[in-house]
Amino acid sequence: MNHDQQSCFVIEGRMALPYQYFAGAVGSRFIVALRDDKKILAVRGAKNGTTFLPPRQTCERTFESLEDNWVEVGPDGTVTGFTVIRYREPYQPQEPPYVLALIRLDGADAPIVHLVECGEVASMRVGMRVRAVFADDPVDNILAIRHFTEVK
Amino acid sequence: MTSRVAICAVAQTKYEADKWDVRMQGMVWEVVKQVRAQTGLDFGDDGIEAAVTVSDDVFDARTISDSAVTDVVGAHFRGEEKVASDGAQGVYYAVATILSGKHDVVLLAGHCKESQAASRNMVTHLAFDPFFTRPVGLDYLAAAALQADAYMRKTGVTEDQLADVVVRSRQWAAKNPVARDATPLTRDDVLASPMLADPIRESFMYPITDGAVAMILASEERARDITDRPVWVTGLGNCYDSFFLGERDLAGNFALERAAARAYCMAGIKNPVTAFDVVELCDQCAHQMPQWAEGLGLCAAGGGAVWLAEGGPDCHSVNRSGGMLAGNPLMLGGMARVAEAVLQLRGDAGARQAQGAKRALAHGCCGPAGQLQVAVVLEA
Amino acid sequence: MKRKRRNVAVIGSGMSHFSSHREEVNQPEMIHEAVVEALDDAGMTLDEVDCVLHGNMELFEMVHQPDMWHAIASGVWGKSGLRLTTGGTTGITLACAADNLVASGLHDVVLAIGFEKLQEGHTTGGITNMADPLWGRSIQTGALTGTTAQAVIDEFGEERAKHAAMKMRIIMDEHAMLNEKAHRRLGLDRQFIKEMADNSPPLVGELRMLHMCSQSDGACAVVFASEEKAEALGAAPAWVVDHETVHREETLMFSPEKTTMRVAAERMFTRNGITDPRRDIDVFEMYDPSAWWGLDWLREFLLLEGDEHLKMVENDEIRIDGAFPLNPSGGVQASNPIGATALVRVAEAAMQVRGVAGGHQVPKPVRRALASGFGGTLWTVLMLLSREKPVLGGHCDA
Amino acid sequence: MPDDKKAELIVSRQVLSIPQRFATGPIMGRFLAELLDNRRIMAVRAPGSRCLLPPREVDAVTMQEAVEWVEVGPEGTIRDFDVVYYASPDPLTGETRDVPYIICWVDLDGAGEGAPLWHLLDAPDPGKVRCGMRVRAVFNDERCGCMEDIRHFEIIEET
């Protein structure tokens, strides 16, 4: 812009507001089972037998209701893809570097994104068999699984 | 389309890392002034009848962020509707308002100031749901990394090839006066840049950018009065994929193939490989250059590595602007692509001009790893 | 409209359950309720939808580009879509966009979805965030203001003004009692008008808690279809005749000669040959964020002068069985999921035209219905719907 | 699964916060600098048009750039006011203000009627505030180049 920069300055501020998110009945049932019983629950559609994880009320493609047909999946699964997070942000679940992977739990149709603790990140590979490690303290979200670790 | 819509004027600010000396309103006014000057149009029933704006409340840290720019887009006691998505979606909607018969002349103006937030990742992190995907720290960068990992494993695209995509982007950006980053880089420079999220290095990712874009769109009847070089929007398509990354074919192009098919059907394009003189695609990340090229049908599905090896980007005149890798703000990636395509088709692209360009393809995308895809066909 | 290319009809609508507490559903699940009901109402399946529009205010729930997450239940997967937001007017902007998209020929069936889950954020804080961070944000108090109340009091005297505003509030509540979807159904008793006007806790000036709209969680979905598609489905639709958007500058401070409400109404009525809106329009769903604004804007929208609008309230003309039914749904004072609210106005107006409003169906025949949206810095959007199919090209300016 | 567990509905409460750098641009920048350095309230206007206050780049009515600076106030007349009884958090700080407080729109002397300034009013008895009252801007001694450098407006006592 063609103007006098001497009049310009920058004011440090923030956007900050309180929020409260609700997981809903279906999400809550999943989280409570994870937190209290260390069980990973998914929902299975009747139309084509797809097992959805995270669980949800409905299939986005067929709109069939899914919420009543609960099945247990995992705790073991297979890594189908991964990245090593090396940049830092305040919302990250742990100090970088850490592995964020797509993990298909046994019994589920599609992978979820979660953390893998594997010692050296260089040892990560697709196809690795991993197992859920549950958090010691109660956590009310997907981090009730603290991370996955390699099954030797 | 039974009738056509023309883009009659485009203007872009210089894209910069930190426009610390201008409010978002100032950025928008700069480009609005330019498109008014290009067309001589004033606001009102005989001129610019209404505005479509593009912005995002979280990036602007402001509810109803279009209320901040109502003044500068001339919408005081007129219509202004905000598309809160990639700017190519703004083009989509502006075209619809004209094709419907509602308006003849519409101002489209988008802005995004990525430098305002402490980090772009803090903004895109908030696109994830609070219970399943936010807690593990996902943001658009992490999503792009998972996509890049999947895409490179599937197609065999190498890190060297991606480095060459970045080198090429800088070469073209040097010929684009509005490009944010035209510093020349060698392959070694690129490969020396720090790894952000494997396999994405810092230089593989589009830089933090501030800027604004404006266009004037008009009905076929009005366009002829406004400019002797109208650029016609002859095809449009968009499509959404699934939200959860694990439920998508991250290495594939489900949404883009459908978006492109819709646009090509409308424009009567049978073979996209030979259809375009210029292609501008939204490579927010280097691996997306070959991936989106597959999705747009410039090469076979899964053929991205071969396409790169055979000089596909030059053969198809892809991203002579430098592309998204040279720096556009997230919300305006597709809109800047459309703007560049217009400049090419008008013969106004200067040192990066593709001689005699008659038909162009512009691409936009939005959401984690391109969940929403947009294709726009433009013709001189 | 100048020369609308294709006729567009509202053929179905749906609303989620509206409440201040929707802990049992997450955001996409709540949206899904509205979408399923709208498709059922239209008698179609998801496969027949070409394009899905989405709108709300991001800072109310602090979800960036929420159309992405909501794709798991909005029906947009594999389809075209667009996200539009314009503050409180968002819902009716979506309706205008759906009309434009179908009329343009780009799509035959467009599903518009407005939503808000206000319980998940801080509504007044979220609205306050619309003020410029450098000058207004530390001063604004959301959408709460008592200046309109004071202006009405100054013009008509305290007793008459306060009585009319509370009467307006009570009529809205009487209507809400007829609408099982309405969020707040209070059962207010007319014989205590004065007590309520005096005793409801004050928010700002003479704007009291009872005058103000609710804070609701909810979603609304409306199906817009081309003439061909609408007629193939058989049922009588509500045709979109016209729409008008009037925004204004960033600040609220400058008072131009006319309000956006009056300007929008003048343009809409002139284009469509409406010379006496009270006669030519059979029902009006107004975005009335408070009883004071609803009262004041009645005069603006109907292009009235003097105290005509007060008389309409005092004489019960605006009741569902009156000469000019206003908000038979109970309006925004009853239910206000902000991003959905203005789309609810369109849905309700269309239901009246289609004759499917059930317990709150206006008893007289409804040929034409008007819906309004309010948002931003006193912005207005109007949409006119009719039972009779518009003649294309028949609504030219000139 | 036991029924009592089905009943628990999970909620996640959090404050979401993103640090921001708000650019003033040259116009708002000068306005704020004048408050800071000179305790002066400056408005802008396009040639021949109304004042804009706070100053902005463009006059929305004429679509002309506002390039002329005009000193206004510090005294003025109350155009309108609101007595606020509802406490809400300031989204810039997260802090909630004590109620009641008064916000006012002041037609500053020299600004005409198109540009009332929006600010806080300090009045001992909110019940006695009336439109048309004369008020004066009170500046803080410690200023930072922000709108709050004007602490509030106060009513000028009639003598």
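The values are calculated or read from the model by the stated rules, or taken from the named source; none is laboratory data. Because the structure is predicted, anything quoted here is derived from the model rather than measured. Positions of Cβ are backbone-derived with ideal geometry, glycine not excepted, and every protein chain shown enters the neighbour counts. The area values use the complete protein model at the heavy-atom level, side chains included, leaving out ligands, DNA and RNA. Shrake-Rupley method; radii C 1.70, N 1.55, O 1.52, S 1.80 Å.
Things to note:
- When region B:106-117 is filtered for residues that are hydrophobic (A, V, I, L, M, F, W, C) and within 11 Å of chain D (Cβ to nearest Cβ), only B:ALA117 remains.
- For the criterion of being in a strand (DSSP E or B), farther than 29 Å from A:VAL113 by Cβ and open to solvent by 10 Å² or more (accessible area, probe 1.4 Å), B:THR234 passes.
- Taken over region C:330-369, the criterion of being surrounded by fewer than 23 Cβ atoms within 10 Å (Cβ to Cβ) and in a loop (DSSP other than H, G, I, E, B) is satisfied by C:GLY355, C:VAL356, C:ALA357, C:GLN361, C:VAL362, C:PRO363, C:LYS364, C:PRO365, C:ARG367.
- Residue pairs meeting the criteria (Cβ under 8 Å; at least 6 apart or on separate chains; first within 12 Å of chain C (Cβ to nearest Cβ), in region D:39-55; second open to solvent by 10 Å² or more (accessible area, probe 1.4 Å) and basic (Lys, Arg)): D:CYS51/D:ARG45; D:LEU52/D:ARG45; D:PRO55/D:ARG30
- Residue ID - farthest from C:THR147 (Cα to Cα), chosen from residues in region D:107-120 that are assigned to a strand (DSSP E or B) and open to solvent by less than 10 Å² (accessible area, probe 1.4 Å): D:LEU108
- Candidates B:ALA118, B:ALA6, B:ALA50, B:ALA94, filtered to the one that is of a type in the set (A, V, I, L, M), within 27 Å of B:ARG229 (Cα to Cα) and over 22 Å from the mean Cα position of the chain (by Cα): B:ALA50
- Residue that is farthest from the other protein chains (Cβ to nearest Cβ), among those in region C:1-38 that are in contact with a Leu (Cβ under 7 Å, 6 or more places away or on another chain) and open to solvent by 10 Å² or more (accessible area, probe 1.4 Å): C:ILE11
Per-residue answers, yes or no, for (1) in contact (Cβ under 8 Å) with a residue 12 or more places away in the chain; (2) within 14 Å of chain A (Cβ to nearest Cβ):
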| position | (1), (2) |
| --- | --- |
| B:ASP104 | yes, no |
| B:ALA148 | yes, yes |
| B:VAL178 | yes, yes |
| B:ASP181 | yes, no |
| B:ALA192 | no, no |
| B:GLU202 | no, yes |
| B:ASP210 | yes, yes |
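- If you go through region A:1-49 and keep only what is at the interface with chain D (Cβ under 7 Å from one of its Cβ atoms), buried (at least 22 other Cβ atoms within 10 Å of the Cβ) and part of a helix (DSSP H, G or I), you end up with A:GLY27, A:SER28, A:ARG29, A:ILE31, A:VAL32.
- Members of region C:97-131 found to be at the interface with another protein chain (Cβ under 7 Å from one of its Cβ atoms), of a type outside the set (S, T, N, Q) and assigned to a loop (DSSP other than H, G, I, E, B), listed by number: C:GLY105, C:LEU106, C:GLY121, C:HIS122, C:MET130
- Residue in region B:312-322 that is within 24 Å of C:SER104 (Cβ to Cβ) and either of a type outside the set (Phe, Trp, Tyr) or without any contact (Cβ under 8 Å) to a residue 12 or more places away in the chain (or both) present: no
- Per the listing A:THR83, A:THR78, the residue uniquely more than 8 Å from chain B (Cβ to nearest Cβ) and either under 14 Å from the mean Cα position of the chain (by Cα) or open to solvent by less than 50 Å² (accessible area, probe 1.4 Å) (or both) is A:THR78.
- Taking the criterion of being buried (at least 24 other Cβ atoms within 10 Å of the Cβ) and facing chain A (nearest Cβ under 8 Å), the only residue of region B:247-263 that qualifies is B:LEU250.
- Each residue in region B:212-241 was checked for being under 23 Å from C:SER104 (Cα atoms) and within 14 Å of another protein chain (Cβ to nearest Cβ), and 15 of them qualify.
- Among the residues of region B:124-140, the ones that are in contact with an Asp or Glu (Cβ under 8 Å, 6 or more places away or on another chain) and more than 17 Å from C:GLU120 (Cα to Cα) come to 4 in all.
- Any chance B:ALA51 is assigned to a strand (DSSP E or B) and under 29 Å from A:ILE11 (Cβ atoms): yes
- Among the conditions (1) under 20 Å from D:TYR86 (Cβ atoms); (2) more than 7 Å from every other protein chain (Cβ to nearest Cβ), the only one that C:ASN179 does not satisfy is (1).
- The residues in region C:43-53 that are within 14 Å of chain A (Cβ to nearest Cβ) and either outside any strand (DSSP E or B) or open to solvent by 10 Å² or more (accessible area, probe 1.4 Å) (or both) can be counted, and the count is 6.
- Restricting attention to region A:86-123, the residues that are basic (Lys, Arg) and more than 8 Å from chain B (Cβ to nearest Cβ) total 1.
- Residue in region B:121-136 that is closer than 28 Å to D:ALA23 by Cβ, within 20 Å of the chain's Cα centre (by Cα), within 7 Å of chain A (Cβ to nearest Cβ) and surrounded by fewer than 24 Cβ atoms within 10 Å (Cβ to Cβ) present: yes
- The residue list D:PRO74, D:PRO116 contains one member that is within 28 Å of A:GLY13 (Cα to Cα), in contact (Cβ under 8 Å) with a residue 40 or more places away in the chain and within 13 Å of chain C (Cβ to nearest Cβ), which is D:PRO116.
- Condition met for D:PRO26 (touching a His at 6+ places or on another chain (Cβ under 8 Å) and not in a strand (DSSP E or B)): yes
- Among the residues of region A:124-152, those that are within 10 Å of another protein chain (Cβ to nearest Cβ) and open to solvent by less than 30 Å² (accessible area, probe 1.4 Å) comprise A:MET124, A:ILE142, A:ALA144, A:ILE145, A:HIS147.
- One residue from B:VAL28, B:VAL22 being modelled with pLDDT of 95 or more and assigned to a helix (DSSP H, G or I): B:VAL28
- So D:GLY132, is it open to solvent by 10 Å² or more (accessible area, probe 1.4 Å), in a loop (DSSP other than H, G, I, E, B) and within 13 Å of C:MET253 (Cα to Cα): no
- Restricting region C:55-96 to residues that are in a strand (DSSP E or B) and closer than 25 Å to C:PRO289 by Cβ, the residue that is farthest from the chain's Cα centre (by Cα): C:ARG83
- Wholly enclosed helices (runs of 4 or more DSSP H) of region C:237-325 bearing at least 3 residues open to solvent by 10 Å² or more (accessible area, probe 1.4 Å) and not basic (Lys, Arg): C:260-271, C:291-301
- For D:GLU65, the requirement of being more than 9 Å from chain C (Cβ to nearest Cβ), surrounded by fewer than 21 Cβ atoms within 10 Å (Cβ to Cβ) and closer than 30 Å to A:PRO18 by Cβ is not met.
- Scanning region B:331-351 for residues that are part of a helix (DSSP H, G or I) and open to solvent by 10 Å² or more (accessible area, probe 1.4 Å), we see that the one that is farthest from B:LEU308 (Cα to Cα) is B:ARG346.
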